[in-house]
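In what follows, a single structure is set out as structure tokens and then discussed.
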Amino acid sequence: MYILLFSILFTAAIIVSVMLFPRSAVVINDSYVVNFRYSYLDKNIEGKIFDKNEIEELEKIIGGISYKDSPSCGFSENISLVFISNDMTLTVLPAIDGCSTMKIADENKYISITRQNRRKFDDIMKKYGFKFPAI
């Protein structure tokens, strides 16, 4: 009896969660360039990533399920990546405090990534002058 009640409550909680916080897939592929901006303290860096391997790795890290929320992580338009392909342009803001969340700027949605993927992201972007946390 308790198992049935628990199952019903758990299912109801999932349904309410999906209704309150709609989720959608973020598909990033075939980007031919990633523009980046890192403007923090004494650094003001803008540039482009053309390396296909790095672009594909960034696409894998950031691609996932997006959701609407109000995370406590900090974000700034001054620290951003813009993925450009023939089909789309997507602006992503990494959390500046180092938390494992990315913001999709144009849609005001968020993507959670693993800590391991956050470290991969930081390692790739370190080559271009990024440093986290940037708070």
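The values are calculated or read from the model by the stated rules, or taken from the named source; none is laboratory data. Quick caveat: nothing in here was measured; it's all calculated off a predicted structure. All Cβ positions, even for glycine, are placed from backbone atoms using ideal geometry, and neighbour counts span all protein chains on display.
Annotations for the structure displayed:
- Qualifying residue in the stretch 119-127 (condition: surrounded by fewer than 15 Cβ atoms within 10 Å (Cβ to Cβ) and in contact with a Leu (Cβ under 9 Å, 6 or more places away or on another chain)): no
- Residue check for residue 98: in contact with a helix residue (DSSP H, G or I) (Cβ under 9 Å, 6 or more places away or on another chain) and over 10 Å from residue 62 (Cα atoms): yes
- Filtering the stretch 85-110 to residues that are closer than 16 Å to residue 35 by Cβ, exposed (fewer than 15 other Cβ atoms within 10 Å of the Cβ) and in contact with a strand residue (DSSP E or B) (Cβ under 9 Å, 6 or more places away or on another chain) leaves 89, 106.
- Of all residues in the stretch 59-72 being crowded, with 17+ Cβ neighbours inside 10 Å and hydrophobic (A, V, I, L, M, F, W, C), the one that is farthest from residue 37 (Cα to Cα): 61
- For the stretch 31-58, the set of residues classified as among the acidic types (Asp, Glu) and either buried (at least 17 other Cβ atoms within 10 Å of the Cβ) or more than 15 Å from residue 126 (Cβ to Cβ) (or both) consists of 42, 46, 56, listed by residue number.
- Sub-8 Å Cβ pairs linking a first residue in the stretch 121-132 that is under 19 Å from residue 56 (Cα atoms) and free of Cβ contacts under 8 Å to residues at least 12 places away in the same chain to a second residue that is buried (at least 19 other Cβ atoms within 10 Å of the Cβ) and not aliphatic (A, V, I, L, M), at least 6 apart or interchain, number zero.
- Counting only strands (runs of 3 or more DSSP E) that sit completely within the stretch 27-107, those holding 1 or more residues that are in contact with a Phe, Trp or Tyr (Cβ under 9 Å, 6 or more places away or on another chain) and not hydroxyl-bearing (Ser, Thr, Tyr) correspond to 33-40, 43-49, 79-84, 89-94, 101-104.
- Filter result for residue 83 (in contact with a helix residue (DSSP H, G or I) (Cβ under 6 Å, 6 or more places away or on another chain) and of a type outside the set (A, V, I, L, M)): no
- Among the residues here, residue 121 qualifies as among the aromatic types (Phe, Trp, Tyr), under 21 Å from residue 31 (Cα atoms), in a helix (DSSP H, G or I) and at pLDDT 90 or above.
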